[in-house]
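The values are calculated or read from the model by the stated rules, or taken from the named source; none is laboratory data. Predicted model only: the values in this text are computed from it and were never measured. Every residue, glycine among them, receives a Cβ derived from its backbone with ideal geometry; neighbour counts consider all protein chains shown. What goes into the accessible areas is simple: the full protein's heavy atoms, side chains included, and nothing from ligands, DNA or RNA. Shrake-Rupley method; radii C 1.70, N 1.55, O 1.52, S 1.80 Å.
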Amino acid sequence: MSNVNVYQQRPTSAARAESPLFHAELDKLAGRSVGSAGVTLREKKLRGHLVLRGEASDTGFTGAVESVLGLKLPVALGLTVKGETSLQWLGPDEWLLIVPQDEEYTAELSLREAIGDRHISIVNVSGGQTLYELTGPGVRSVLMKSTSYDVHPSNFPVGKAVGTVFAKSQLVIRHTGEETWELVVRRSFADYIWLWLQDASAEYGLAIAS
Amino acid sequence: MLHIQCPHCGELRSEEEFHAAGQAHIPRPLDPDNCTDAEWGDYMFFRDNPRGIHHELWVHATGCRRYFNVTRNTETYEILETYKIGEQPQVNGKPVVVAKAIEGETV
Ligand SMILES: [Zn+2]
């Protein structure tokens, strides 16, 4: 294992954790009754986000990652999901690993252990971004209003993930189920994207899930 | 709106996802301490500005965030090919030289 200082970045005491959408009080909005909801939004908050970089052609590296996570490192624009853990291609030598809350520390330790002293990098970016999940028959229409990227299933099947322009900002769109999509949103853009999504989904009916 | 092929993402993406980042294939002097000021100045500041075929560096800013090379015709804005850093262009050509029609001026 390389000589890297890995430490628990998430407070283990009773410190209050605030997701990027804390101020929106989604828990309260979740109780609201909406007629027919074409779009249901849920913040998958406070997950563990790790950015993993390494040599894709090194089978020692890819094999080690696969043995730890039970997930293959996806190729370009790929997304592999197993339960609440997902692995996404970000670039030719870069992937985003999302694990359930509190699991990022042990995930990083076991990855570093398995990968050994190869030239790699693992960075905990959990505090820098968050995940929105959008579900419903109106979601594709909302995405079509928001991005120039073609979100038709023939071009954007389930299991694909692309970084692209969104509203007047940039984020990653992931197609996780027939009518289910996820947005990887940077913390500083979280409020803007939230406001944008409320406006863009208004005509289809927006429900909040907690 | 142009569609540009990103060699890393492997598909055509809209122009607004990209930024141009200047001329491509500019080698850094291997031994900066021992090159002349002129050599360093050329490397640092001087760029071609051809009319016609130009090899450029672009970045897929909102996508994979990787740099790659583009062969572009600066007259028509046509993108003839995109290729990864470290690869060589397939399309080459001399810049178009246009004779000036102003009387008394030689080109
Ligand atoms: Zn790309």
Screening A:V65, A:V123 for residues that are hydrophobic (A, V, I, L, M, F, W, C), more than 14 Å from chain B (Cβ to nearest Cβ) and exposed (fewer than 15 other Cβ atoms within 10 Å of the Cβ) leaves only A:V123
Pairs returned, first residue in the range B:8-21 that is within 9 Å of B:G63 (Cβ to Cβ), second residue that is charged (D, E, K, R) and more than 9 Å from the ligand (Cβ to nearest atom), beta-carbon separation under 8 angstrom, 6 or more apart or interchain, are B:H8/B:K84
Filter the range B:3-29 for residues that are of a type in the set (A, V, I, L, M), part of a strand (DSSP E or B) and open to solvent by less than 50 Å² (accessible area, probe 1.4 Å); the one that is nearest to the ligand (Cβ to nearest atom) is B:I4
For the structure I just gave you, tell me whether B:P32 is open to solvent by less than 50 Å² (accessible area, probe 1.4 Å) and farther than 16 Å from B:T62 by Cβ. yes
Over the range A:186-196, the set of residues outside any strand (DSSP E or B) and not hydrophobic (A, V, I, L, M, F, W, C) is A:R187, A:S188, A:D191, A:Y192
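Could we say that B:I85 is closer than 26 Å to A:L77 by Cβ, of a type outside the set (S, T, Y), within 14 Å of chain A (Cβ to nearest Cβ) and in a loop (DSSP other than H, G, I, E, B) here? Working first, answer last.
On the way: closer than 26 Å to A:L77 by Cβ: yes; of a type outside the set (S, T, Y): yes; within 14 Å of chain A (Cβ to nearest Cβ): yes; in a loop (DSSP other than H, G, I, E, B): yes.
For B:I85, the condition - closer than 26 Å to A:L77 by Cβ, of a type outside the set (S, T, Y), within 14 Å of chain A (Cβ to nearest Cβ) and in a loop (DSSP other than H, G, I, E, B) - is met.
Looking at this structure, is A:S210 assigned to a loop (DSSP other than H, G, I, E, B) and open to solvent by 70 Å² or more (accessible area, probe 1.4 Å)? Outline the logic, then answer.
Working: assigned to a loop (DSSP other than H, G, I, E, B): yes; open to solvent by 70 Å² or more (accessible area, probe 1.4 Å): yes.
Here the answer is yes, as A:S210 does meet what is asked.
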Picking from B:E56, B:E78, B:E39, the residue that is without any contact (Cβ under 8 Å) to a residue 12 or more places away in the chain, under 13 Å from the mean Cα position of the chain (by Cα) and away from the ligand (no atom under 13 Å from the Cβ) would be B:E78
Counted residues in the range A:158-185 being in contact with a strand residue (DSSP E or B) (Cβ under 7 Å, 6 or more places away or on another chain) and part of a loop (DSSP other than H, G, I, E, B) come to 3
Could you tell me whether B:R47 is open to solvent by 50 Å² or more (accessible area, probe 1.4 Å), away from every other protein chain (no Cβ under 14 Å) and in contact (Cβ under 8 Å) with a residue 24 or more places away in the chain? yes
The residue from A:S19, A:S36 that alone is farther than 18 Å from A:V123 by Cβ, open to solvent by less than 20 Å² (accessible area, probe 1.4 Å) and among the hydroxyl-bearing types (S, T, Y) is A:S19
